[in-house]
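The values are calculated or read from the model by the stated rules, or taken from the named source; none is laboratory data. Note that the structure is predicted; figures quoted are calculated from it, not measured. Note: ideal-geometry Cβ built from the backbone for every residue, glycine included; neighbour counts use all protein chains shown. Heavy atoms of the whole protein, side chains included, go into the accessibility calculation; ligands, DNA and RNA do not. Shrake-Rupley method; radii C 1.70, N 1.55, O 1.52, S 1.80 Å.
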Amino acid sequence: MDISNKVVIITGASSGIGEATAKLLSQKGAKLVLGARRLTNLENLVKEIKANGGDAVAIKADVTNREDCKHLANIAIEKYGKIDVLVNNAGLMPLSFLDKLKIDEWDRMIDTNIKGVLYCFAAVLPSMKSQKSGHIINISSIAGRRVMKGGSVYCATKFAVTALSEGMRQELSPRDNIKVTCIEPGAVTTELRNTITDQDIINNLAKRKEEFEYLEAIDIAESILYAISQPSRVNINEILVLPTGQG
Ligand code: NDP
């Protein structure tokens, strides 16, 4: 299916999976509203997209702030007239062992990974309901299926994203024609691990990185494109993508 002229909001588009998704979808003709806190990164991305003939706008938006999430939706409507797809991608992963009691990091993960997803969902829902179509894509993780030591709080946030995705699907897909897709990547090479402050986790991950080849952000962008490109009767509910070498 042709996705040209679809209006897509992507949160966390300033790096990693969000950035790769923005580049790929713009190549396919989608019009993009790109949100994140690092505006300079977004502006550089928009310049690149426009230089390649695409159409996108950069908006400074912190998903832990409800008004910022509403602003993303308002800009999409003002500039492009509708919202077809929300990619709820912004997330943080400061992994730590529970007994380190990094409570501020727990708060930030809960605020960004769970509340951020809900706030952006709430911001786009009214227009998707009134147009009787839309697509919510939530980026969960393999950590939304399996708990790992040192990842309890992160896993809890991603279990929540997976649960919310199924709840959204049950309530909105049959009644309002709003598709819901939960994407569950394994390890991907991005900046995600830069927020980790627990030295034991940093040491463990350095060893793990040598054990198998991580995915690239484009691999997940391709999954998102696949979900968006389906005919209207097809709702891709869940996509689990692991590196071939990840156990
Ligand atoms: P990155 O760190 O490269 O990207 C995370 C993005 O989230 C950044 O653009 C960052 O932008 C944004 N972000 C963080 N906090 C906020 C906030 N409060 N408001 C708005 N944007 C925010 O990592 P990834 O690309 O890997 O992460 C994208 C998603 O993929 C996350 O949800 C992550 O949990 C998930 N994921 C990643 C995996 C991996 O191995 N990399 C595996 C499974 C899932 P800025 O700092 O500019 O605000």
**Study point:** Probe 1.4 Å, protein heavy atoms only - accessible area per residue of the chain in square angstrom
**Key:** 46
Check your understanding: So for the stretch 68-116, taking the charge dipole from beta-carbon charges (+1 Lys/Arg, -1 Asp/Glu), which of F97, T112, H71 sits furthest toward the positive end?
Key -> H71
Check your understanding: Comparing S26, S141, S152, which has the greatest mean-square fluctuation in the GNM of the chain with Cα pairs linked when under 10 Å apart?
Key -> S152
Review point. Using a probe of 1.4 angstrom, how much of the accessible area of the stretch 3-45 is carbon and sulfur, in percent?
Key: 40
Check your understanding: With labels modelled as points extended 7 Å from the Cα through the Cβ direction, what inter-label distance (nm, one decimal) is found for I218 paired with N52?
Key -> 0.9
Exercise for review: Go through S130, I49, L225 and say which Cα lies farthest out towards the positive end of the charge dipole of the chain; charges sit on Cβ, +1 for Lys and Arg, -1 for Asp and Glu.
Suggested key: S130
**Study point:** Charge tally in the Cβ shell below 10 Å around S96, where Lys, Arg are +1 and Asp, Glu are -1, S96 excluded
**Key:** -2
Check your understanding: Helix 66-80: angle to the longest alpha-carbon principal axis of the chain, degrees 0 to 90, nearest 10?
Key -> 40
Check your understanding: Taking Cα atoms, how many degrees apart are the long axis of helix 199-209 and the longest axis of the chain, rounded to 10 and kept between 0 and 90?
Key -> 70
Revision key, fill the gap. The alpha-carbon center of the stretch 138-173 and that of the stretch 174-237 are separated, in whole Å, by 12
Revision key, fill the gap. GNM on the chain, Cα springs under 10 Å; top mean-square fluctuation among I77, I220, I139 goes to I77
**Study point:** Accessible-area composition of the stretch 49-166, carbon plus sulfur, in percent [1.4 Å probe]
**Key:** 55
Check your understanding: Taking the Cα centre of the stretch 189-247 as the origin, how large is its charge dipole in debye, to the nearest 20, when only Lys and Arg (+1) and Asp and Glu (-1) carry charge on their Cβ atoms?
Key -> 160
**Study point:** Within the chain, longest stretch free of exposed GluC sites (Glu not before Pro) [DSSP loop, at most 13 other beta carbons within 10 Å]
**Key:** 1-190
Review point. Tilt of helix 16-27 relative to the longest C-alpha principal axis of the chain, in degrees (0 to 90, nearest 10)?
Key: 20
Point to revise | Zone of Q246's modelled label, taken as backbone nitrogen in the stretch 89-113 under 17 Å from a point 7 Å along Cα→Cβ | key: 89-96
Revision key, fill the gap. For the stretch 122-247, using Cα atoms only, the Rg and Dmax in Å read 16.5, 50
Study note, to complete from the structure: Answer in debye to the nearest 20: the dipole magnitude of the chain about its Cα centre, from +1 Lys/Arg and -1 Asp/Glu charges placed on Cβ, is 540
Check your understanding: Can you run phi through the Karplus equation (6.51, -1.76, 1.60; θ = phi - 60°) for the stretch 106-111 and list ³J(HN,Hα) in whole Hz, with x for Gly and Pro?
Key -> 4, 4, 5, 5, 5, 5
Exercise for review: With no solvent and one equal point scatterer placed on each C-alpha of the stretch 1-147, evaluate the Debye formula and give log10 I(q)/I(0) for q = 0.14 Å⁻¹, two decimals.
Suggested key: -0.64
Practice item. With all distinct Cα pairs included, what does the Kirkwood hydrodynamic radius of the stretch 66-133 come out to in Å, to one decimal, could you say? Key: 13.5
